């Protein structure tokens, strides 16, 4: 988990609150911080979104351009997701190539979009075997206030929902909307001393033993999951998280991600 | 191979297995001379070898922790382990696999016994056939025990997936490529889950069932891991008695 340094005193404070069923910012265990999503914030990008999740702030840009398909999927478009934890966002992030935390966040964001089938890749084919649309999802974390995971997944799908295929710029006909057919939402829970809470703040995330991210689709079914962190989880805890994550995803989708 | 028409027919999979049947497993403990502990693990078509070094000095020094050992895990695929040659060296996938595998094993290691030292786990995938990370974790867990690292328990790992709308244990390559879901799990014999990943498509009920199926698979693997260790170390003890 993060390398954030947190004082023992603060740790005790959060633990003691937790035992009383409270959180430092007054939220209930299954309550998210305030979510704000603005779309089309970058004109040069084919799609973009700025997500604020409490103090966490990310900008996701989607760039789309023609390219060569992978040899094993000659008639399918390509999704490439990248996420960087740049030093601007936190005193503990360092410049340089992405490390395992950033790579994991990027890959889990990618799996949410990919495995839910949100993007209809077959409709991103221009000439089979030669030319397909390549969709680059780039997540820029600007401020780390905890739970970058959910903010970046929200940003990715929100940016895709507003994205256009820039066909006219490449002489390939008229621009059209990106073929979307599902809206996956990731919900992350942390386990702290046996209790489960959603949408961890930075402090909660630094003292949590483990995180579980559950991505579910419109039908309320699972598309991707990732446990991250060293603390084991019991079957009961996992089943509980899956249940509340699906419910919470539905709530967030209906409120913020209406097609 | 292109997508077969059916991956499972009348409850029998393409390789002849039942839905809840694991692929054949072969385990050899202590196969390397230089390493402090090692294990060769065959899991169907997967051939992996794990080595453990340590506890030993930490390089670079700034990585050391003053109150516990650092555990490092390097999952590496040989360039010849897959159909299309893999470019050697770590890529984004192997960095992620290394991270989650390390986190799958860390909870059972008494890291606080060895402050300022490193426990290094190296897993080399010699041949890949779906489920390499689970094979690697199974091998690494035995290699740790073989190295004499104090552990709370072993860790056992296998995947559950969905093919043709049927849940099956331990996907092979074709089932992984053309199936609908893949969910690798690792757990301790007490049932604590230390690795959980999923991609694809599962309903809530299917997920519950899949988790139970994975538990049974892990329990079976645990028994094999235990007997492989017993085999090596009980014969050594008998040998000592005869001298």
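Here, each number is a calculation from the coordinates, and none is a lab measurement. All values derive from a computational prediction rather than experimental measurement. With ideal geometry, Cβ positions are generated from the backbone for all residues, glycine too; neighbour counts draw on all protein chains shown.
Within 10 Å of the Cβ of each residue in B:180-188, the mean number of Cβ atoms contributed by other protein chains is 2. Neighbouring Cβ atoms from other chains, within 10 Å of the Cβ of residues in A:97-107, number 4 on average. Coordinate range of the alpha-carbon atoms in segment B:17-231 per principal axis, descending: 51, 39, 34 Å. Rg then Dmax, both in Å and based on the Cα atoms of the protein assembly as shown: 23.1, 86. Any chance you could check the Cα centroid distance between segment A:92-159 and segment A:1-69 for me, in angstrom? Distance between centres, Cα-based: 15 Å. Take every Cα pair under 8 Å whose residues are at least 6 apart in sequence, average their separation, divide by the length of segment B:17-231, and the relative contact order is 23 percent.
Dividing the summed helix terms, -39500 (n - 2.57) for each DSSP H run of n ≥ 4, by the number of residues in chain B produces a 222 nm estimate of -10500 deg cm²/dmol to the nearest 500. Note on residue A:55 and residue B:112: the model spin-label points, each 7 Å out from Cα along the C-beta direction, lie 2.9 nm apart. Here the sum of -39500 (n - 2.57) over DSSP H runs of 4 or more residues, divided by the residues of chain A, equals -9000 deg cm²/dmol at 222 nm, to the nearest 500. Computed over every Cα-Cα pair of chain A and binned at 5 Å starting from 0, the pair-distance distribution P(r) comes out as 1, 6, 13, 17, 19, 16, 12, 8, 4, 2, 1, 1, 0 percent.
Between the alpha-carbon centres of segment A:166-221 and segment B:146-187 there is a gap of 24 Å. Taking Cα atoms only, the orientation of helix A:100-115 departs from the longest principal axis of chain A by about 60 degrees. Take A:160-171, B:128-139 and order them by the average number of nearby Cβ atoms within 10 Å per residue, most first; the result is B:128-139, A:160-171. Checking the a/c ratio against 1.5 first, then a/b against b/c, what shape does the Cα gyration tensor give for segment A:1-48? Since a/c reaches 1.5 but b/c is at least a/b, the shape of segment A:1-48 is classed as oblate.
Inter-chain neighbour count for B:202-208: the average number of beta-carbon atoms from partner chains within 10 Å of each residue's beta-carbon is 5.
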